[in-house]
Structures are given as structure tokens and as C-alpha cells.
Amino acid sequence: MLDLLLDPSFAASIPRFVTPILLAALGGALCERAGVFNIALEGFLLTGAFAAVLGAYYSGTPYLGAAAAMAAGMAMGLVFAEFNLRRDGDAIVVSIAINLLAAGLTTFLLRAIFNVTGAFSDPAIVGFGAIRLPLIEDIPVLGPMLSGQSILFYAALASVPVLHVFLARHRLGLRIRAAGENAEALRAGGVSPRRVQLLALVGCGALCGLGGAQLSIANVNLFVENMSAGRGWIAVVAVLLTRGRPWPLFCIALLFGAVDSLSFRVQGMGLAQQFTDMMPYLATLTVLIVLSWWRARRARGDVS
Amino acid sequence: MAAHGTMRAVLPWVITLLWIAAIILALLLFVGAPLGEALSGFWQGAFGGRRHAYLMATLSRTALITGMAISVMLSFRAGLFNIGGEGQLVAGGLAAALTAILLPGPPLLVLVAAILAAMLAGALWALLAGVLQLYMGVPLLVGSLLLNYPVRYLASYAVAHPFRDVPSGMVQSHLVPQETWLAYFPGTRLDIGILFTLAATAFALVYSYWTVHGYHTRLNGLSADFARTVGLPVRRLTLQTLAISGAIAGLVGAIAVFGIHHRYIDGMLVQPLYAWTGIIAVLLVGMVPWAVPLSGFFFAAVQTGAAGMERAAGVPKEIALVIQAVIILFVASRVSGALSSKEGRGDGHA
């Protein structure tokens, strides 16, 4: 087991699993802090994954694929805003609808555009390559993890401190927090909370879109129906547990990503695939149970 | 004056319908489908066919969707955001198939035992989510959802390895004994599974409108604080409601096994999104019990109609999912107060 954990190829695979969850969770954090209950991260991710393949296939460059993924994610954010903010639909209902919309639209377009069912792969889909970092790659254990990853991983890593500073210091970041904590004060200051929430949703869509791009044009070069496979829900749990604070979020995403990657690794060790597939969800549940229980106990302790 | 008032009430709905129609039209034009053939294909697929074969398929699907809708409706009305219907459905389906395959005995007895096992499995899986919420502080919304995945893979494992029908070459269990299969209505290919759904619906109606227990859970749904303040046993009500919800979802799994597939096939309850369709069927009618079967029939018709549209005009049948999602998006904003997010968040601190 220890051999496995110290295996450089295991370390190297962790970021592949961390990136989509982290990006989606950072997007979810924007919404959480802005007071928008967005549990449609799964749908946003899936949309991004599909749009990334679409963009990369037609443009021949993964950068336009990622741009398409961001645009599609932002469009989903706008749909969410239209129905939740402007038309005042319930956030949970809108989220459920958007998750279904993403599942339906991606499979529908998969058949309508590429004329295939299940999966679409083509040599014309150019994915992101690995970026080698000369000196860093020689560090034991950490080296293979930090070097040789897709640019999206580095973007995700950079997003953590950026989002932290943005929320703590930037004017819009402050407004986002105000929208979540005290919308009245914001309104009194002459700023519409809904406008701020709309921007948070669009930013969330962009981040989730990039997360989807990592799934489809960095980890592999293809799109598979429903390829987000619950990772958006894991991101929702991460947001819920950390109340949308970037650094704790990073730790949780790292943990979930490592388990995800571990489950992928132990597949070759004789354990049935169904059990290894189950591991990320069981790990998420376990963390959720332990942290919730600990918090509930502490909350009770404070009262007495 | 009256006419003016009616106009004002109706106009938003007309605009909503026009929006939905425009989006569907745009999708059809996008795939370049001949519109006339697409529409007649839809109609045929949902209600037509030789000796109404497709209508029977719609009704068969209605049975499952309505069953799942009734299951979640009981939770939702009690203010419980149980979106783990899929896991409860799968637990029920697997329990039903395995019981029927493994248990020797007279067919009728085996069938009854299998249905009870399915209901028990569904109830236990739902209770697990409830226990996690009540005693561990895990919000039901995410707890129930995450529990979908382990049971999905467990069922997949069961029919891929220990209970697999290997010679069939597919990832599926052996057939359940033929004597336990649900009968067809005379002269049709519609199994009597829909009668079970009707029974569950009747139960839900009586329960919701005429029993004290149902009234108490409804109070809990409208205001958990009020329910607690007047001394209702909120924890017990929560667990009982979840158990009933889960049992009905399990029953639906049994209907799918004995009425339709006659075995457990990997993904047969997950892929068609029965649980999610059930949820949106409830949301469409704002959780009004008597309207739920109509809504279930409507969404079943959208799905079988889309399949008909694919046969007749080459429109990918996945358009059904898009149509359903769009309808719910527009309706969610029209039916106000159907659900309240604040209650649903349930951070476990309440």
C-alpha cells in the first residue's frame, strides 16, 4: 500500500482528478458566498466538458476548446440567473432542471452534431499537453505531482489564492459577500444584490466550464455521455462543508481528488471495478458525516 | 372586468407555452427534421401503434414515473428533500430480483415476499439518509443524493459477478421464475404493474388528505418550527415519512422487475432517469397529490413520444430530456412557493 502511495505515477495522477472538482467547487464557492444556492455544478461541469470537445474539434486548438467550455458554462450561469433571480424560481428546482437540461442537451447535441451515441472521440480533438517544470520535476513525490500537468491544473491552483484575495479585498468580492450575508446593506449602498449574484453565477459557470474542459480535453481527448459522473455533486459537498472559503475548499478538493485517483489505481489490484468506482462517493460521504457530526456536536457544546 | 382579470391570469401561461414551443421548434429545426412527420411521429409514439401498442408503453412508463413521483411527493410535502429516490428504487429492484431468484416456494408467495423485500430495501435505504440527517447532521439533500451512488455500483456488482446470468453475455441477473411475472391486461401488452402504482397513489391521497399522520407531516413541511413548537415528534415523523417514501420507491423497483424486465439488468432503473422524472413530475404540479398521476402520464408521453419522433423523423430521442428540463425551468418560476430553499438547505443546525 505504501509503495502505491509513493509511486510517482500515482502522485502524477492526483491533479487530474483534483482539477475538475476544485474548479467546480471554487465556482460553487462564488455562488455560496453570494447567497445563491447553486447545486447545479454537475450540470455546469457536464456542459463544459461537451463544449470543450466541440471547441477543440472545430478549432483544432485546446485553448479555444477551453474558451468554448467557459462560454458554455457562463451561458448556463445566465440560464440559472434568469430563472432563479429574475423569475424567482426556487433554487433547488432550477438546479435540478439545469442538471437535467445539461444531461439532455449534451446527449442530444452529441447525436445531432456528431451522429454518435455514448461517446465521441476523434483525432481532430486536440487536447492540452503536459507542461514540464524543469527544476520542480526533480523533487521527490511532489515533483511528479506539480510538474507535467495540464495548464488547467495550474490555473486551478492559481485560482485558490486569487479567489481568496478577491473575496477578501476586491470591491466586487466584498459585494459578493455582502449579497450573501447582508443584502439589505448592499441595497442601501445603491448596489443591486441580484446584479452581484448574476455576476457570481456567470463566474461560477466559467470556472465549472474549465473544470469540464479538464475532464474532456486534458484527462482524455473525448466526450462520454454523463462524463461528469457525480463530480459536480462532490464539489457541492465540498462547498457546503467549507462554506465556500477557498483554502479549506482546496484541502477538501485535494482529499477527494486523491481518493478518486486512488480508486483508479487500485482497479488493477483485483478489486472489482464497481467497488473502486464506489470509493469517491463513500469517501465523500465519510468526510461529510465526520465533519457534520463534529460541527453539530460543537454547535451543541456552544449552546450549553 | 372579469374578462380582463382572466386575461391577466392566463397571459403569462400563454407566453410560457409559446417560449417552450419556440425552444422545441428551434431544436427540431437544428436537426433539420421534417416538422409534420416529427409531430405525427410524436403523437404516434405516445398514443398510437398497432392495437395501441405505444399507448401501452406510455402507460407502462407512467406506472414507474408516477410511482417515483408519489414516493418523493410524500417526502417533499413533509419538507424533506429526499432526492435519493434513485438509490431507493435500485435497492428495491435488486432486492426484488434476488429474492425471486433465490427463494424457493410457491410463485405467488415468492412474488409477495419479493415485493415486501423490495419495499423493505427501499425503506431502509431512505432511512439511512434520515438517520444521517437526524443523528449526524448531514443535510438530507446531499446525504440522500450521495447514497444513490454506492447502491448503484453495488447492484451493478451483484449482477456483474455473483448473480450474473453468464450465458446471456449481458450484465444482468438470471430471469425471475416465469410464474412470478405480472400478468398482462387481457388482450394487451400492458402488465398490471400500473395497478400497484394506482394503489400507491390512492394510499398517498388518503394519507395526505385524511390521516392525522399525513396532516402532521404536512405541518412539518410547512413549518418545521411550528411543528416542533406544538410538540409534534418531528424526528419520528421524519423517519416514518422517509420509510414510506423509500418503500414506495422500492415497490416501483419491484414493478419494473416483475412487470417489464423480468430480471435485474445493469442500469435499467438508472439510465431512464425514472427517479428524476418523478421529481420533476411532482414539481410540475406543485406537489398537489391528485394531479401527480396526470403529470406522470404527461412526462411518460413526452418520453415515448420522443422515441416516436426519432423513428419517424430522425430526431434524437434525447430531446425528451431537454423538453422536460425546459418545462420545469419555466414552470418553476410560475409556481411560486412550491418549495422553499431555506427549509431545504437544512445545514443540520436547525
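Computed from the coordinates by the stated procedures, all read-outs in this text should not be read as laboratory data. In this text, all values refer to a predicted model and were calculated from it rather than measured experimentally. Every residue, glycine as well, gets a Cβ built from its backbone with ideal geometry; the counts of neighbours run over all protein chains shown.
Annotations
- Placing +1 on each Lys and Arg Cβ and -1 on each Asp and Glu Cβ, with no other charges, gives segment B:65-286 a dipole about its Cα centre of roughly 380 debye.
- One quarter of the surface of the convex hull around the alpha-carbon atoms of segment A:139-257 equals 8.7 nm², the direction-averaged projected area.
- Between segment A:53-69 and segment B:157-202, the C-alpha centres lie 45 angstrom from each other.
- Scattering curve values for the protein assembly as shown, log₁₀ I(q)/I(0), Debye with Cα scatterers, q = 0.06, 0.07 Å⁻¹: -0.33, -0.45
- Distance histogram in 10 Å bins (all Cα pairs of segment B:1-106, percent per bin): 11, 18, 26, 30, 10, 4, 1, 0
- Where N is the number of residues in chain A, Cα Rg divided by 2.2 N^0.38 Å: 1.01
- 5 Å-binned pair-distance histogram of segment B:61-143 (Cα, whole percent): 3, 15, 20, 21, 16, 11, 7, 4, 1
- The Cα center of segment A:170-229 and the Cα center of segment A:230-278 differ in position by 21 Å.
- Exercise: per-residue mean of other protein chain Cβ atoms within 10 Å, B:137-147: 6
- Inter-chain Cβ neighbour average for residues B:276-286, partner chain, 10 Å: 2
- Length-normalised contact order for chain B - Cα pairs under 8 Å, 6+ apart - percent: 34
- Taking the number of Cβ atoms within 10 Å of each Cβ as an exposure proxy, the fewest-first ranking of A:CYS208, A:CYS251 is A:CYS251, A:CYS208.
- Of all complete DSSP H helices in chain B, those with a Cα span along the helix axis of 30 Å or greater and a mean Kyte-Doolittle hydropathy of 1.0 or more are B:2-30, B:53-77, B:107-136, B:234-255.
- With the convex hull of the Cα atoms taken as the outline of segment A:58-190, the averaged projected area works out to 12.6 nm².
- Here B:HIS4, B:HIS216 are placed in order of increasing Cβ neighbour count within 10 Å, fewest first, which gives B:HIS4, B:HIS216.
- Peptide ranges B:277-286, A:209-218 listed from the most packed, as the mean C-beta count within 10 angstrom indicates: A:209-218, B:277-286
- Relative contact order of chain A, pairs being alpha-carbon contacts under 8 Å that are 6 or more residues apart, as %: 35
- For segment A:167-304: relative contact order, % (alpha-carbon pairs under 8 angstrom, 6 or more apart): 13
- Chain A: DSSP helices with Cα axial extent of at least 18 Å and average Kyte-Doolittle hydropathy no lower than -1.0: A:8-34, A:41-59, A:62-80, A:91-114, A:151-169, A:193-214, A:246-265, A:273-303
- Per-residue mean of foreign Cβ neighbours for A:270-280 is 4 (Cβ atoms of other chains, 10 Å radius).
- Here the scattering of segment B:1-46 is modelled by Debye summation over its C-alpha atoms, one equal scatterer each and no solvent; at q = 0.14, 0.30 Å⁻¹ the log10 of I(q)/I(0) is -0.51, -1.01.
- Net charge dipole, segment A:9-111: roughly 200 debye, given to the nearest 20, about the Cα centre with Cβ charges of +1 for Lys and Arg and -1 for Asp and Glu.
- Alpha-carbon Rg/Rh ratio, for segment B:120-191, with Rh computed the Kirkwood way: 1.16
- The calculated pair-distance distribution of segment B:65-286 uses every alpha carbon pair, bins of 5 angstrom beginning at 0, and gives 1, 8, 15, 19, 19, 15, 10, 7, 4, 2, 1, 0, 0 percent.
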